[in-house]
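The values are calculated or read from the model by the stated rules, or taken from the named source; none is laboratory data. All values derive from a computational prediction rather than experimental measurement. Heads up, the Cβs are rebuilt from the backbone with ideal geometry, glycines too, and the neighbour counts pull from every protein chain shown. Heads up: the accessible areas ignore ligands, DNA and RNA and are worked out on the full protein's heavy atoms, side chains in. Shrake-Rupley method; radii C 1.70, N 1.55, O 1.52, S 1.80 Å.
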Amino acid sequence: MPMNVNQDYSQFYVGTEQLKSYGSNSAAKKDTLVKYRFNTTDEHGNKVMDKMSKEETMKAVNEISAQYGDSVIVQFSGDGLAALAEGRKFMSGREMTAEEAAKRAARDAAFQAENVIQHENTHRIVIPNYETNEQLYNSLAGADDKVISSTMGIISNYLMPGSASGLSEQERQDKVAFGLEAAKYLAENYLDESHAGDFMSAMETIAKYGLNGSVSDGGKVIYNVQEGQVRMSGAPGSYVDMEGWLKANDTELYNQINELNRSIINHKDGENHSAKFIELYTKAAKKILDAPSDTKKDSGYADWKEKVEKTKLPATFQNVKYNGFQSFLESLQNQSSLSDSWISENIGRFMKWLAV
């Protein structure tokens, strides 16, 4: 679908972060990083937009950047953006030497590692199945922001990644198994007993969705997750458009959610966005689930649900220890098709998500 550059850019916003330090000139110091990601497909491989032209890209970049002050770095990424420059020239137009290009690459990599990785999971994932989505977010009620963002990272990187390019089927399954162990670490160390059980139940169901995904020749993973049998009078087809339903049935809650989205984009300090998101989203999901339904029993959904429930979770890792990151790391090694270096790197990534 074509990109409409006049649209609300909030759907492409993925996070805001206070930077520890960036720039030595106090007059031009940057203290905030704002991230926008324009991808042509969503987390499940579904197409959401066509690649933008250079003109559309420049218009989007300029309009978004104009919303922020001089102390803000606005980061743009995603395959939906057109390339605007070769990236090997200075602003003066002079071609970089190999040494200068290497220094820039090293500096950019260091900046990314220090200031960006903890905030790569700020986008809140919506699980396509209503019951699973509600169970997941209810289980995270009251959880710390870093636990919620780590959960998003586990789902998007290990349980239901958008790509399996270069992976064997065994490696893909072992990554799902790794994601489940990371989820168990969260449940054991960061959630209370009243929420941990539901959290793991939801994450195991999501893992089953992931295991049932099919991989295209290009490595893209397609997930056939059905929404469920919940449909309200007037809702289109066999699913519920939450925004449309709220707009028609609960304008007060609809306005609250829109106000929260604007607050996130405008980076209002002192607000717990994650907690507020879960509160409003849970309230909206409950209203939709409790609404009168005109859906007839769907045998296709029942068959799909039975298939998911019968899916066996991988028993890749045994005797895993959850009492600290070092013992967690050591207990995962030498048990799968994943190399020890991969496991070490991804445990390190997990720790950064949790700001450990």
Residue check: is ASN224 over 14 Å from LEU313 (Cα atoms), touching a residue at least 24 places away in the same chain (Cβ under 8 Å), touching a Ser or Thr at 6+ places or on another chain (Cβ under 9 Å) and assigned to a helix (DSSP H, G or I)? no
Take the conditions assigned to a helix (DSSP H, G or I), among the basic types (Lys, Arg), modelled with pLDDT of 60 or more and within 21 Å of the chain's Cα centre (by Cα) and apply them to LYS59. Does it pass? no
For TYR301, indicate whether it is under 18 Å from TYR190 (Cβ atoms) and surrounded by fewer than 17 Cβ atoms within 10 Å (Cβ to Cβ). no
When residues of region 54-67 are filtered for being over 18 Å from GLN11 (Cβ atoms) and surrounded by 14 or more Cβ atoms within 10 Å (Cβ to Cβ), how many remain? 1
Using beta carbons and a limit of 7 Å, which pairs, at least six apart or on different chains, have the first residue in region 119-130 and more than 17 Å from ASP144 (Cβ to Cβ) and the second one in a loop (DSSP other than H, G, I, E, B) and modelled with pLDDT of 75 or more? PRO128/VAL225; ASN129/VAL225; ASN129/GLN226
Starting from residues that are among the aliphatic types (A, V, I, L, M) and under 22 Å from ILE206 (Cα atoms), keep the ones in region 302-330 and report whichever is farthest from the chain's Cα centre (by Cα). ALA302
Expected single match for in contact with a strand residue (DSSP E or B) (Cβ under 9 Å, 6 or more places away or on another chain) and either modelled with pLDDT of 80 or more or among the polar types (S, T, N, Q) (or both) among THR122, THR205, THR132 is THR122
ILE73 is checked against (1) outside any helix (DSSP H, G or I); (2) open to solvent by 50 Å² or more (accessible area, probe 1.4 Å) and fails just one. What number does that condition carry? (2)
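Identify, please: which residue in region 1-54 is among the aromatic types (Phe, Trp, Tyr) and either at pLDDT 70 or above or not in a loop (DSSP other than H, G, I, E, B) (or both) and is, among those, nearest to SER214 (Cα to Cα)?
PHE38
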Does any residue of region 294-301 turn out to be at pLDDT 70 or above, within 20 Å of VAL126 (Cβ to Cβ) and over 19 Å from the mean Cα position of the chain (by Cα)? yes
Looking at region 336-347, which of its residues are open to solvent by less than 30 Å² (accessible area, probe 1.4 Å) and part of a helix (DSSP H, G or I)? ILE343, ASN346, ILE347
Criterion first (under 25 Å from the mean Cα position of the chain (by Cα), over 28 Å from VAL176 (Cβ atoms), at pLDDT 80 or above and open to solvent by less than 70 Å² (accessible area, probe 1.4 Å)) does TYR254 satisfy it? yes
Go through (1) touching a residue at least 60 places away in the same chain (Cβ under 8 Å); (2) assigned to a loop (DSSP other than H, G, I, E, B) one by one and return the number of the condition GLY166 breaks. (1)
All but one of (1) modelled with pLDDT under 80; (2) out of contact with any His (no Cβ under 7 Å at 6 or more places or on another chain) hold for LEU211; state the number of the condition that does not hold. (1)
Does region 306-314 include one or more residues that are among the hydrophobic types (A, V, I, L, M, F, W, C) and modelled with pLDDT under 70? no
Region 312-335 residues that are on the phi > 0 side of the Ramachandran plot, paired with ones that are of a type outside the set (Val, Ile, Thr) (beta carbon under 8 Å, 6 or more apart): ASN319/SER331; ASN334/ASP340
Can you name the residue in region 313-335 that is part of a loop (DSSP other than H, G, I, E, B) and in contact with a Lys or Arg (Cβ under 9 Å, 6 or more places away or on another chain) and is also nearest to SER149 (Cα to Cα) among such residues? TYR322
